[in-house]
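The values are calculated or read from the model by the stated rules, or taken from the named source; none is laboratory data. The structure presented is a predicted model; accordingly, all values stated were derived computationally and were not measured. Every residue, glycine among them, receives a Cβ derived from its backbone with ideal geometry; neighbour counts consider all protein chains shown.
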Amino acid sequence: MEIITPNREKALSLLKEYNSGESLIKHALGVEGVMRYIARKYKEDEEKWGIIGLLHDLDYERFPEQHCRKTREIMRERGWPEEYITAVISHGWGICSDIEPKTTLEKTLYTIDELVGFVTACALVRPSKSVMDLEVGSVRKKWKQKGFAVGVNRTVIEKGAQMLGVELDTLIADVIMGMREVAAAIGL
């Protein structure tokens, strides 16, 4: 099979082929925005990072019980480069995938996937319902409330921060800034 040249248009089309739920698409756009922001910050390949962020939950709506496994199958059938497939699958390490995040890109995706969900929850309880006025301190206050956003795996975020060697507050700030760049698209 011929390997395709990935681009955002192909990624977005594939995402929407397998996902119709507004919240999942907004989450994917949020993760994409943060991945692009962090890639620029560290002078990495913004397009590649963004595409991988956009596709990370490709199979989740249709195949939640086969999350990550089905993504591998779908992307291989479509001729996506193995490097992209591995990166996407690695975000589920220890949960639904045995692919350990090894590259900075993979470790970043692993960490910020859950953190984007947490920051979204923090924004939604604000009077503004926006990330535009959300600060790191507000996120940290909510972090300490174990009953808040119980679906978010804080352990994954903390483990990812350690893997990256980055302070949690720095990651929270990066996530907020990346989400601000796509605030209109994600409704925050």
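Screening Trp93 on (1) at pLDDT below 95; (2) surrounded by fewer than 17 Cβ atoms within 10 Å (Cβ to Cβ) shows it passes everything except condition (2). Does segment 143-165 hold any residues that are touching a residue at least 24 places away in the same chain (Cβ under 8 Å) and β-branched (Val, Ile, Thr), and which are they? Selection gives Val152, Val156, Ile157.
Considered as a group, the residues in segment 134-151 that are aliphatic (A, V, I, L, M) and out of contact with any Asp or Glu (no Cβ under 8 Å at 6 or more places or on another chain) include one that is farthest from Leu188 (Cα to Cα), and that residue is Val150.
Looking across segment 158-188, the residues that are among the β-branched types (Val, Ile, Thr) and under 13 Å from Val31 (Cβ atoms) come down to Val175, Val182, Ile186.
Scanning segment 13-52 for residues that are among the aliphatic types (A, V, I, L, M), closer than 21 Å to Glu82 by Cβ and out of contact with any Gly (no Cβ under 9 Å at 6 or more places or on another chain) yields Leu14, Leu15, Ile51, Ile52. None of Arg140, Arg126 is in contact (Cβ under 8 Å) with a residue 24 or more places away in the chain and more than 13 Å from the chain's Cα centre (by Cα) except Arg140.
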